[in-house]
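Reviewing the structure listed below.
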Amino acid sequence: MTGRRITDDLDTLQGVLPPHITDKLTEINRPDDLIEVILDIGRVPTARYVDNEVDLSEKEVAWEDIEHIVERVGDFDTDNRAGLERTLHRISAIRNRHNRIVGLTCRVGRAVYGTIDIIQDLINGGESLLLLGRPGIGKTTMLREAARILAEDRRVVIVDTSNEIAGDGDVPHPSIGRARRMQVRRPNLQHEVMIEAVENHNPEVIVIDEIGRELEAVAARTIAERGVQLVGTAHGNTLENLLLNPTLSDLVGGIESVTLSDEEARRRGTQKTVLERRAAPTFAKLVEIQDREQLAVHHDVSAAVDALLRGLPPPTEARFRNSDGEIQIKMLNPEASTARRGPAGYRRQSALPSALPEEDLTLPLSPAPARLPGEPLATIRIYPYGVARNRLRQAAKRLHVPAFIADEVGQADVMVTLRSYYRKHRKLIADAENRRMPIYVLRANTVGKMESFLVDLFALDRAPAGDPASSQGTQDAQEAINKVLNGAHSVDLKPASSYVRRSQHEMAREADLVSHSYGKEPRRRVRIFRD
């Protein structure tokens, strides 16, 4: 197809096969369609092509044929896989109960350049992406190409469990470009290497093939919470298959049984016990690979899962190539995407600056109105993009502000992201700007920066009108800060209102000190001390 380039190093694979099998493959002369060569003791050798299977000999496979191949390939790992150095071919063994190899599957590995263009907008969008599809459909080929494209301008680390992505040996195959590769000693340690990659090598993107165990699903969620983009594959053909898989359903949010009140059950028109999505999905987007030229894309995994749990068709985008090689896109069930969108909540402003200032965050164009004394803060829905959700919740808890962390950007009043994401103008950010959603940009993914963002978002740095206790609380806090800086271990301030306490916490942070609130209302007070 136009724009595609394939490298398969097929001569290297044929070089380890018995000569009579190699001669037959040469005679058939269909190298581009060859998938794998099967050799089982006592059976005739078989070649599997895209559309059929062909016997390669009338003579049954003998022990000498198996040994001929085993002697010429690398060592077999604990998952019974071996490879050929600097190629993408994979040799998998079947053993008898005495641990002797009685069968081999010699799978052809190909680097196909140009396969990713059908989903390149999703890969470059900055959100985590999961690929699903049956074995042999091309998931790993697409994953390898995605790693190469992303590594052109981002830090990419591949967790290569069976050396399928970057090939056998210590030197990775050139098809992964500038991406780095971490090998996994044993398949059951894949989750540990995933975490190690994030902690030790500062990646912006983690690429992982075949997420298949619960610990790997947990590791994937941990990585996503740290603001690292994930691009991976998992076992399953469709989103519904994955949702019903108890081991991997957490990748798309998981399922839990919820008991509704009588009123809510009547409003929904359902039974009192229903299935709900348990959490935000680890992967924001999901692609079902139906065949090599046809995909189904779920742009919003949250909305898709919610629709499936309610017995509705999920909002899906079909992508395919026509006979001319052009990519065609068709939206299916578009009405489902708005099925659960609630009314817009409290919004600070209706526009935002188009350029990123040098300060930590983009500030609203118009200030939020000052609150009257005792007036509660209004809840604001926040969509964190690339920002660690657990840290944002921690910052909101420390400031005692009613921040709701939205699972979908369509449910949010404001977006908060990192400067690196904003400068690259990801698609999700551009869409938010087009909807005139306020966007706040943090310089670092730390609790301190998030607290500063929340202080501005909830206008905690503006004194409510008519509150004489505010100036006194500020004066008391400054005196306490001076005492701690001059050597005092800690200082307790006088009991104060929630607003005054927030101001005192902010002053302590600016002085690089630690502060916590103690006691119960109305005697709750702030203590300032060194870390």
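Bear in mind these aren't lab numbers, they're just calculated from the coordinates by the rules spelled out. Since we're looking at a predicted model, the values are computed, not measured. Every residue, glycine as well, gets a Cβ built from its backbone with ideal geometry; the counts of neighbours run over all protein chains shown.
Values for this structure:
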| quantity | calculated |
| --- | --- |
| Mean separation of Cα contacts under 8 Å (6+ apart) over length of segment 127-212, as relative contact order % | 34 |
| Approximate spin-label separation residue 276-residue 214, in nm, with each point projected 7 Å along Cα-to-Cβ | 2.3 |
| Protection proxy ranking of 198-207, 296-305, 81-90 - average other beta-carbon atoms within 10 Å, highest first | 296-305, 81-90, 198-207 |
| Expected-Rg normalisation [2.2 N^0.38 Å, Cα atoms] applied to the chain | 1.20 |
| Over 27 Å (Cα to Cα) - which of 24/139; 139/285; 397/424 fall in this group | 24/139; 397/424 |
| R0 of 60 Å, Cβ-Cβ distance residue 70-residue 394: FRET efficiency to nearest 0.05 | 0.65 |
| Phi-based couplings in Hz for segment 254-262 (Karplus 6.51, -1.76, 1.60; Gly and Pro marked x) | x, 10, 9, 8, 10, 9, 8, 5, 4 |
| Amide H contacts of residue 236 (H built 1.01 Å from N, under 5 Å, at least 5 apart or other chain) | 133 |
| Cα-projected label distance for residue 28 with residue 222, points at 7 Å along beta-carbon direction, nm | 4.5 |
| Computed [θ] at 222 nm, deg cm²/dmol, the chain (DSSP H ≥ 4; -39,500 (n - 2.57); rounded to nearest 500) | -8000 deg cm²/dmol |
| Computed E for residue 7/residue 320 - FRET, C-beta separation, R0 30 angstrom, nearest 0.05 | 0.75 |
| Label point distance in nm, residue 46-residue 170, each placed 7 Å from Cα along Cα→Cβ | 4.0 |
| Estimated FRET transfer efficiency when R0 is 51 angstrom, pair residue 435-residue 96 (beta carbons, to 0.05) | 0.25 |
| The chain: relative contact order as a whole-number percent, Cα under 8 Å and 6+ apart | 8 |
| Those GluC sites (Glu not before Pro) in segment 132-182 that DSSP places in a loop and that have at most 11 other beta carbons within 10 Å | 152 |
| Formal net charge of residues neighbouring residue 391 (Cβ-Cβ distance under 12 Å; K, R +1; D, E -1) | +4 |
| Kirkwood estimate for segment 469-529, i.e. one over the average of 1/r between Cα atoms, Å | 11.1 |
| Which of 385, 49 has the fewest Cβ neighbours within 10 Å, and the rest in rising order | 49, 385 |
| DSSP bridge pairs, the chain: antiparallel proportion in percent, nearest 5 | 60 |
| Cα-based radius of gyration of segment 1-153 once divided by 2.2 N^0.38 Å, which approximates compact folds | 1.17 |
| 3J(HN,Hα) from dihedral phi, segment 313-325, Karplus parametrisation 6.51/-1.76/1.60, rounded to Hz, x for glycine, proline | x, x, x, 9, 10, 8, 10, 7, 9, 7, 5, 8, x |
